[in-house]
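The values are calculated or read from the model by the stated rules, or taken from the named source; none is laboratory data. From a predicted model like this one, the values you see are computed outputs, not experimental measurements. Here Cβ is always computed from backbone atoms with ideal geometry, including for glycine, and neighbour counts include all displayed protein chains. These area figures cover heavy atoms from the full protein model, side chains too; ligands, DNA and RNA do not enter into them. Shrake-Rupley method; radii C 1.70, N 1.55, O 1.52, S 1.80 Å.
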Amino acid sequence: IADETPALGHDWQEDGSCSRCDETQDVPAVNPFVDVPDGIYFYDPVMWALENDITKGVDATHFGPDVACTRAQVVTFLWRAAGSPEPTSTENPFVDVPEGIYYHKAVLWALENGITKGIDATHFGADLECTRAYVVTFLYRAMGKPEVTLTESVFKDVADPDIYYYEPVMWAVENGITKGVSANTFGVDQVCSRAQIVTFLYRAYAE
């Protein structure tokens, strides 16, 4: 005898589960930020950063896309994007990186992995704003210094092949992480915003 019980279909809950069976579905990320509009270049990166605990907003309803990123924030974002690995060393040379502060482990991880050093022997410069040159350099090192095949720079402010950020910039351009601020200027000394850094991370780790 054929089963004449009518199909009930799914009853999807807010968490993506069905109350009638064991199936689940992906739940679209809910955007809590009024300053992250649909269609803006950093929308997907911000949602990715939020879902993966890379960073939250500056408050419950604002991401702060134009807020400048500090050195402490940038290394913390990188550390979290890498899976928040535990540093192998507890030795801390920096008086401005107290134990227990949110970026303590991130700084130790960055230091032991050659991502960045301090601004001097005893100061990390945690509150200093981070430039585009520094951010792409930190990211390039965090990714393991991948091979760069692009060797000729079109940027007038990235002209010296021996400058520390030359290869990182070439890598970033070659891999679609970021372009210049104009056709012939990278903007090495421009401060990197929260929107820009999560976008760089998204393109490096998620795409």
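Quick look at the values:
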read-out: Residue that is surrounded by the most Cβ atoms within 10 Å (Cβ to Cβ), among those in the stretch 161-186 that are polar (S, T, N, Q) and part of a loop (DSSP other than H, G, I, E, B); value: Thr178
read-out: Hits in the stretch 187-206 (condition: assigned to a loop (DSSP other than H, G, I, E, B) and touching a strand residue (DSSP E or B) at 6+ places or on another chain (Cβ under 6 Å)); value: Asp189
read-out: Helices (runs of 4 or more DSSP H) lying entirely in the stretch 24-137 (those with 1 or more residues that are of a type in the set (S, T, N, Q)); value: 71-81
read-out: Meets criteria (open to solvent by less than 70 Å² (accessible area, probe 1.4 Å) and over 25 Å from Pro85 (Cα atoms)) for Val158; value: yes
read-out: Close pairs from the stretch 182-199: first closer than 20 Å to Val36 by Cβ, partner open to solvent by 30 Å² or more (accessible area, probe 1.4 Å) and part of a loop (DSSP other than H, G, I, E, B), Cβ under 6 Å, at least 6 apart; value: Ser193/Asp66; Arg194/Val67
read-out: Hits in the stretch 44-102 - residues which are of a type in the set (A, V, I, L, M, F, W, C) and touching an Asp or Glu at 6+ places or on another chain (Cβ under 8 Å); value: Phe63, Ala68, Cys69, Ala72
